[in-house]
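The numbers here are math on the coordinates, done by the rules we state, and not lab data. Since the structure is predicted, the reported quantities are computational estimates derived from the model, not experimental observations. Because the Cβ atoms are built from the backbone with ideal geometry, glycine has one as well, and the counts that use them run over all protein chains shown.
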Amino acid sequence: MSAPISLACWDYDRTRALADGRIRPTGVDLTYLDLPVEETFFRMLRHREFDAAEMSLASYVTHLGRATSPDLVAIPVFPSRAFRHGGIYVRTNSPARQPADLAGGVVGVPEWQLTAVVWIRGILADRHGLPIDAVRYRTGGMHEPGRVEKQAVDLPPGVEASPIPPDRTLVDMLTAGEIDALYAPRTPRPMREGDTTVRRLFTDPRAEEERYAAETGIFPIMHTVVLRQDVYRARPWLARSLLDGFTHAKELAEDRMAEEAANPYLLPWAADELRRTRALLGRDHWAYGVDPNRAVLEVFLRYAHDQGLTPRQLAVDDLFVPETRESVIV
């Protein structure tokens, strides 16, 4: 008899075969709940509502590093990855032209422990001459007031961060000149609507991201997939079954993306874009599993510790259940 499992995850091309039932993980009666990522994270972290869920990598690492008895475990599936050089915003009339120009200023972030923001702060410190403590931080909602941290964090020594007023938003404060920059995973509404008040700090963020990828080999991981500890303990085999299901669903998406006879997408140069991406990042540029992602995860875990998310630097093998750390040889 198949085990009934609820999975909360957004609608990705690489997970669609799980959502529509073309891929059925062995032994699993899967209920796929298509929810916005912020809702999934909040409901899973605060209330443990699902058996399994897509999860912010930073939130999971924070939970694992701080909980006395962690009640979430993870499998090495990464439904969301993204470069984030394009997620640094300033006012159009800002004198800042490079990250080091922000030193001494005030930067807004939706949450201190947001994965995209952890990557941005780490990359700017490593590669662009802007140490983490070179700016002051304000936290809060981008477009809606009242956002708070989903988990408690301890700031590293010398770092200042405080919430914005509960009736204000970061985008309003940026356009009003009350903060100097914004680090965020979403484009500010003024830019989306054609308002020229806000611009990206990097004039050509894609060029910066491609340079970063070429020099480091890193394609940043944003999200992983977690299971409740009680669900995993009751059926340890679920971890491997779900990993295999996610992997097969991704393979179907990769096959479809390579189709050229009849373009399945609205993008006219999708096939060329795929070749360009693979030339830079490798054929399996969206790899699942531990070993293909060890280097990128080691960098993120260093950033997480340096930024106060974890009291000690975790090891990559701390993150995932043992059933998923090795490949099955047949």
The chain: angle of helix 294-306 to the longest principal axis, Cα-based, in degrees nearest 10:
40 degrees
Ranked by how many other beta carbons lie within 10 Å on average, peptides 179-189, 231-241 from highest:
179-189, 231-241
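Restricting the count to DSSP beta bridges whose residues both fall in the chain, what percent are antiparallel, rounded to a multiple of 5?
So the antiparallel bridges in the chain amount to around 45 percent.
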What the Cα atoms of segment 148-306 span along the principal axes, largest first and in whole Å, is 49, 47, 31
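Just check segment 70-161 against the gyration tensor rule for me: Cα atoms, a ≥ b ≥ c as the square roots of the eigenvalues, rounded for a/c under 1.5, and otherwise prolate or oblate depending on whether a/b exceeds b/c.
Prolate, since a/c reaches 1.5 and a/b exceeds b/c.
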Determine the relative contact order of the chain: mean sequence separation of Cα pairs under 8 Å and six or more apart, normalised by residue count, in whole percent.
27 percent
Does segment 85-216 come out rounded, prolate or oblate by the C-alpha gyration tensor, with a ≥ b ≥ c the root eigenvalues, rounded set by a/c under 1.5 and, if not, prolate when a/b is larger than b/c and oblate if not?
oblate
Gained length - E251 relative to R66, 0.36 nm times residue gap less alpha-carbon distance
63.1 nm
